[in-house]
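K.L.:
Here it is: the structure, laid out below.
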């Protein structure tokens, strides 16, 4: 039925109304088409968490979460530079993804059942296995999180952290008093000003904050207890399975590339010389895995050349030679006693 | 009816119900209202349909689920195992606490400064002027952050608080002071004095730096506007009135109470209401400095449950209710103060 002028007018008015509630741009199924059309991927990242997502003085974004975005963009658009970064606070992030403001949320976000089942979002693949910890000043003499009885603890709002803190406080009868800030920066400032006895967030975050924000990082200690499991990774909107698969398999590809020794340094050489069937398959020399995903043959080769394999990404951003100085720990390959295990690319 | 005997008015009597101007007027109003409601309903159902299509759960049922998070300061007992609606209640009470204390403080401060600005004393006038210009021209969020930094950065640790007479304690943990409480056993009023055992401070009343920063910040900011309102009210009373009052032998006090204030109040109350509303709404900035007001708690709830539309709607509803309530009270007060025509 052809719409009457009244219906058209009503429709237009409604479209304006809806776009107030939800920007109606790019949520309908074909995320990839939209990305290709604008020749740019929009990636939601942290407002500033060194090692994961932070802009330097030139406005260049770096970090583990950022490198994942770059790898995906390289696979889909052919270049890791075709990404626009949208810094998001914790409470903003899911709405930004739901509304189509961003294509992918790569912002140290914990996977949980509630988030998976009720937000209209899909959790792709774990890029970092983390756990929540506490940081205290060395001066306070606190050696264990169990000593935090009645303590004030600074925490950022809108995270799983708040709930974990409450569970831990209850289980150990500690009556911890949370002081909740909307912005990471405000929470950092309050902790370093001495408002709170302890600061809590994911252990990787603590290391990042200590290295960047503390006047003297040695004055602050991260307590040994980890009080939760925090598997972090990117999310995409539900209802677009092709895009979901692309993001997921780029991450698996980076992990498998490390397992089979393909790095950004040796990829050209391997491409030309390798006869290893797995390597040939990963680099698109034998099977065309890209076709199945709706990409071209070289999707993974480009992703690896752009960001490096998972191990390179880890070492560059958060590894032992960076200010964060994190060990691989659970983020080592499964062959080396870690949890990073990619399903086979074939 | 015989039309021969009537003139023009008979024609109008014959007009049907639909042609009456009165009826038509009502019809337009009703049609407009219905159209508006239908549009809103359509908008709502469309939003819900869209959310459903994308697998986003909606509804207010989450209010009865366990909140699962603790709240730093609360006027009622709150525990993480209690439902979300109670968490929202805690947030609302915290917002009300800031608003009421802020309104009281800014009224007193604003009145003093406003009177100072029309005082005969040049120093009082100058100070009042400087105060007003300083506080109303710096963005309020910035002022809140400054207060918070002052209270947290420059105060001593909670282990070694500034104290006066062992009754008042200042530290990074806030300000503790004694309050009188009713002792049922002794049937008399006794002082509940803060106790400092070298570690944390217990007993007495403790105000957190977050509460102090938001309350003081909003009070100082709003009092600058209140001062201008008060000054405008005083200046609006014609000079002749005061001269007349003197000439019939009224004392200064009598002139102020009987002549100046009743007339000034008529000018002061309506814009003062505005300032009260502003203060209440500005209290939502508390989230920036970690005070658990309604917005802060809604933020947490929003993130735990993902019910963004519902949480935002709740916030809007509560602030609308608070504003309408304040307006109603102030309008009633205004009516009492209004001049009675005789």
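The values are calculated or read from the model by the stated rules, or taken from the named source; none is laboratory data. Everything numeric in this text was worked out from a predicted model, so none of it was measured. Note that each Cβ is placed from the backbone with ideal geometry, even for glycine, and that neighbours are counted across all protein chains shown.
K.L.:
For the range A:153-175, what are the residues that are out of contact with any helix residue (DSSP H, G or I) (no Cβ under 8 Å at 6 or more places or on another chain) and modelled with pLDDT of 90 or more? Let's see the steps before the verdict.
P.N.:
To start, the set of residues in the range A:153-175 that are out of contact with any helix residue (DSSP H, G or I) (no Cβ under 8 Å at 6 or more places or on another chain) comprises A:160-161, A:164-167, A:169-171, A:173.
Scanning the range A:153-175 gives A:164, A:165, A:166, A:167, A:169, A:170, A:171, A:173.
K.L.:
Shifting gears a bit: Would you check which residues across the range A:55-112 are free of Cβ contacts under 8 Å to residues at least 12 places away in the same chain and away from chain B (no Cβ under 14 Å) and list them?
P.N.:
Across the range A:55-112, the qualifying residues are A:56, A:57, A:58, A:59, A:60, A:81.
K.L.:
Could you grab me the full set of residues in the range A:291-311 that are in contact (Cβ under 8 Å) with a residue 40 or more places away in the chain, part of a helix (DSSP H, G or I) and farther than 21 Å from residue A:66 by Cα? Break it down stepwise before answering.
P.N.:
Going residue by residue through the range A:291-311, those that are in contact (Cβ under 8 Å) with a residue 40 or more places away in the chain are A:293-295, A:299-300, A:302-311.
Still in the list and also part of a helix (DSSP H, G or I): A:293, A:299-300, A:302-307, A:310-311.
Matches in the range A:291-311: A:293 only.
K.L.:
Related question: Among (1) within 27 Å of residue B:52 (Cα to Cα); (2) in contact (Cβ under 8 Å) with a residue 60 or more places away in the chain; (3) within 14 Å of chain A (Cβ to nearest Cβ); (4) under 17 Å from the mean Cα position of the chain (by Cα), which single condition is residue B:318 missing?
P.N.:
Failing condition for residue B:318: (3).
K.L.:
Then there is this: When the range A:28-69 is examined, which residues are found to be under 15 Å from the mean Cα position of the chain (by Cα), within 19 Å of residue A:306 (Cβ to Cβ) and in a loop (DSSP other than H, G, I, E, B)?
P.N.:
Within the range A:28-69, A:51, A:52, A:63 qualify.
K.L.:
Name the pairs whose Cβ atoms lie under 9 Å apart, with the first residue in the range B:323-342 and surrounded by fewer than 11 Cβ atoms within 10 Å (Cβ to Cβ), the second part of a helix (DSSP H, G or I), and 6 or more positions between them or separate chains?
P.N.:
B:339/B:262; B:339/B:263; B:339/B:266
K.L.:
Which of (1) outside any loop (DSSP other than H, G, I, E, B); (2) within 14 Å of chain B (Cβ to nearest Cβ) is the odd one out, the single condition residue A:242 does not satisfy?
P.N.:
Residue A:242 satisfies all of (1) outside any loop (DSSP other than H, G, I, E, B); (2) within 14 Å of chain B (Cβ to nearest Cβ) except (2).
K.L.:
Same structure, new question: Take the conditions under 13 Å from residue A:127 (Cα atoms) and assigned by TED's automatic domain parsing to the domain that holds residue A:67 and apply them to residue A:309. Does it pass? So that I can check it myself, show each step before the final result.
P.N.:
Values: under 13 Å from residue A:127 (Cα atoms): yes; assigned by TED's automatic domain parsing to the domain that holds residue A:67: yes.
Here the answer is yes, as residue A:309 does meet what is asked.
K.L.:
Hey, can you tell me all the residues within the range A:210-235 that are within 25 Å of residue A:95 (Cβ to Cβ) and crowded, with 21+ Cβ neighbours inside 10 Å?
P.N.:
A:230, A:232, A:233, A:234, A:235
K.L.:
A follow-up question, please. For residue B:286, state whether it is touching a residue at least 60 places away in the same chain (Cβ under 8 Å), within 14 Å of chain A (Cβ to nearest Cβ) and part of a helix (DSSP H, G or I).
P.N.:
Details: touching a residue at least 60 places away in the same chain (Cβ under 8 Å): yes; within 14 Å of chain A (Cβ to nearest Cβ): yes; part of a helix (DSSP H, G or I): yes.
In short, yes.
K.L.:
Restricting the search to the range B:186-211, which residues are crowded, with 18+ Cβ neighbours inside 10 Å and closer than 30 Å to residue B:133 by Cβ?
P.N.:
Passing the criteria: B:209, B:210, B:211.
K.L.:
Just checking, which of A:190, A:198 is within 14 Å of chain B (Cβ to nearest Cβ) and either under 11 Å from residue A:134 (Cβ atoms) or free of Cβ contacts under 8 Å to residues at least 24 places away in the same chain (or both)? Break it down stepwise before answering.
P.N.:
On the way: A:190 fails: either under 11 Å from residue A:134 (Cβ atoms) or free of Cβ contacts under 8 Å to residues at least 24 places away in the same chain (or both).
Answer to the selection: A:198.
K.L.:
I've got another one for you. For residues that are in a strand (DSSP E or B) and over 25 Å from residue B:206 (Cα atoms), scanning just the range A:125-158, find the one that is farthest from the other protein chains (Cβ to nearest Cβ). Break it down stepwise before answering.
P.N.:
Within the range A:125-158, the subset in a strand (DSSP E or B) is A:128-130, A:132-137, A:152-156.
Going one step further and asking which of them are over 25 Å from residue B:206 (Cα atoms), we end up with A:128-130, A:132-135.
Values: A:128: 20, A:129: 22, A:130: 18, A:132: 14, A:133: 18, A:134: 15, A:135: 17 Å.
Applying the filter and picking the extreme gives A:129.
K.L.:
Could you identify the single residue in B:245, B:227 that is assigned to a helix (DSSP H, G or I) and closer than 30 Å to residue B:170 by Cα?
P.N.:
Numbers: B:245 fails: closer than 30 Å to residue B:170 by Cα.
None of the others qualify; the one that does is B:227.
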